[in-house]
Amino acid sequence: MTTEVKVIAKEPARQGGVQSIGRAFLLLETIADHAGVMGLSQLASVSGLPLPTIHRLVRTLVDLGYLRQDTARQYVLAPRLIRLGESSSRLLSVWARPHLARLVEELGESANVAMLDGTSIVYVAQVPSQRSMRMFTEVGRRVLPHCTAVGKAILAHLPPDTVRQLLAETGMPSLTHKTITDPDDFLAALEWCAERGYAIDEEEQEIGVRCVAVAVPDVSAHLALSLSGPAGRMSEQMVRRAVPLLQRSALELSRDLS
């Protein structure tokens with residue numbers, strides 16, 4: 001006999017603040033944690049808030065332009081959040097650069113910070129390698145999560161049903177002959193990542209490029225740090241050397257952002 005366990009999002013503690021504001025941000029963060037799209041009943045189940053309260057808050061957020069309702073009567077994060085996101089991304093880049101610079105100094109390859117934004121991965125900071133042959137990713141570039149180490153590192157910490165929903169929305173196009181294109185195979189790869197605490201891109205986005213990534217713990221945004229370089233230099237020995245340094249930098253960045 002099995003017992004179903006329901007995970008309830010924790011409502012922000014009130015310390016003389018306005019309860020409705022705290023609850024509104026709880027709903028926005030809950031929707032963001034579920035690929036940017038949720039229905040009222042799902043919001044009630046996950047957040048633990050009463051359905052009438054949720055309905056009142058989401059209607060206010062829709063009126064303000066922070067949510068919109070799609071044709072399936074689900075609530076979707078709206079474009080007005082982009083302005084807030086752009087400002088926070090610039091600040092995140094400032095906080096991240098010293099950590100990335102140290103990784104480049106220690107390991108010699110390009111270091112990146114990326115985040116899950118809706119259903120795509122966006123790179124928010126990079127310090128490139130000083131080598132003549134190096135990997136360069138433009139800040140602001142968006143990619144699909146299924147073919148990147150940063151995407152795997154982030155998705156490994158999300159519920160499998162949420163990952164399946166995200167993959168159903170984005171699809172799993174094959175960018176190279178090594179790209180994982182089956183959802184079950186991808187979920188198995190995420191289990192591998194969760195067990196080991198890091199993720200690998202085995203030339204799945206671009207032939208000749210290998211990447212290792214770790215998630216940034218204990219932050220509200222879904223963030224990951226990565227190291228990328230030519231596959232010939234990103235050997236298993238380099239990965240073993242890089243993982244603890246990435247994990248150290250991820251923990252330090254988490255503390256900076258807390």
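The values are calculated or read from the model by the stated rules, or taken from the named source; none is laboratory data. Just so it is clear, the structure is predicted and the values come from calculations on it, not from any experiment. Here Cβ is always computed from backbone atoms with ideal geometry, including for glycine, and neighbour counts include all displayed protein chains.
Against the condition buried (at least 23 other Cβ atoms within 10 Å of the Cβ) and among the aliphatic types (A, V, I, L, M), how does Val209 come out, does it pass? Against the criterion (buried (at least 23 other Cβ atoms within 10 Å of the Cβ) and among the aliphatic types (A, V, I, L, M)), Val209 does not qualify. Candidates Thr176, Thr162, Thr181: the one that is touching a Ser or Thr at 6+ places or on another chain (Cβ under 6 Å) and either surrounded by fewer than 21 Cβ atoms within 10 Å (Cβ to Cβ) or of a type in the set (Asp, Glu) (or both) is Thr181. Sub-7 Å Cβ pairs linking a first residue in region 138-160 that is assigned by TED's automatic domain parsing to the domain that holds Thr181 and under 17 Å from Ala32 (Cα atoms) to a second residue that is part of a helix (DSSP H, G or I) and polar (S, T, N, Q), at least 6 apart or interchain, are Leu144/Thr170, ordered by first then second residue. Based on this model, can you work out whether Arg68 counts as buried (at least 16 other Cβ atoms within 10 Å of the Cβ) and not aliphatic (A, V, I, L, M)? When the stated conditions are applied, Arg68 does not pass them. Scanning region 204-216 for residues that are out of contact with any His (no Cβ under 9 Å at 6 or more places or on another chain) and not basic (Lys, Arg) gives Gln205, Glu206, Gly208, Val209, Cys211, Val212, Ala213, Val214.
State whether the residues of region 98-107 include one that is touching a helix residue (DSSP H, G or I) at 6+ places or on another chain (Cβ under 9 Å), in a helix (DSSP H, G or I) and among the charged types (D, E, K, R). Within region 98-107 (the criterion being touching a helix residue (DSSP H, G or I) at 6+ places or on another chain (Cβ under 9 Å), in a helix (DSSP H, G or I) and among the charged types (D, E, K, R)), the answer is yes, since at least one residue qualifies.
Only a single criterion out of (1) aromatic (Phe, Trp, Tyr); (2) surrounded by 16 or more Cβ atoms within 10 Å (Cβ to Cβ); (3) without any contact (Cβ under 8 Å) to a residue 40 or more places away in the chain is not satisfied by Phe186, namely (3). Restricting attention to region 14-60, the residues that are in contact with a Lys or Arg (Cβ under 9 Å, 6 or more places away or on another chain), within 25 Å of Glu169 (Cβ to Cβ) and not in a loop (DSSP other than H, G, I, E, B) add up to 7. For region 41-53, a residue qualifies if it is among the hydrophobic types (A, V, I, L, M, F, W, C) and surrounded by fewer than 15 Cβ atoms within 10 Å (Cβ to Cβ), and exactly one does: Leu51.
Here Leu187 fulfils each of the conditions (1) at pLDDT below 95; (2) touching a Pro at 6+ places or on another chain (Cβ under 8 Å) apart from (1). Do you know which residues across region 73-106 are over 28 Å from Gln247 (Cβ atoms), surrounded by 15 or more Cβ atoms within 10 Å (Cβ to Cβ) and modelled with pLDDT of 80 or more? Once the filter is applied, which keeps residues that are over 28 Å from Gln247 (Cβ atoms), surrounded by 15 or more Cβ atoms within 10 Å (Cβ to Cβ) and modelled with pLDDT of 80 or more, region 73-106 yields Gln74, Tyr75, Val76, Leu77, Ala78. Of all residues in region 133-149, one or more are in a helix (DSSP H, G or I), crowded, with 18+ Cβ neighbours inside 10 Å, of a type in the set (Gly, Ala, Ser) and out of contact with any Leu (no Cβ under 7 Å at 6 or more places or on another chain).
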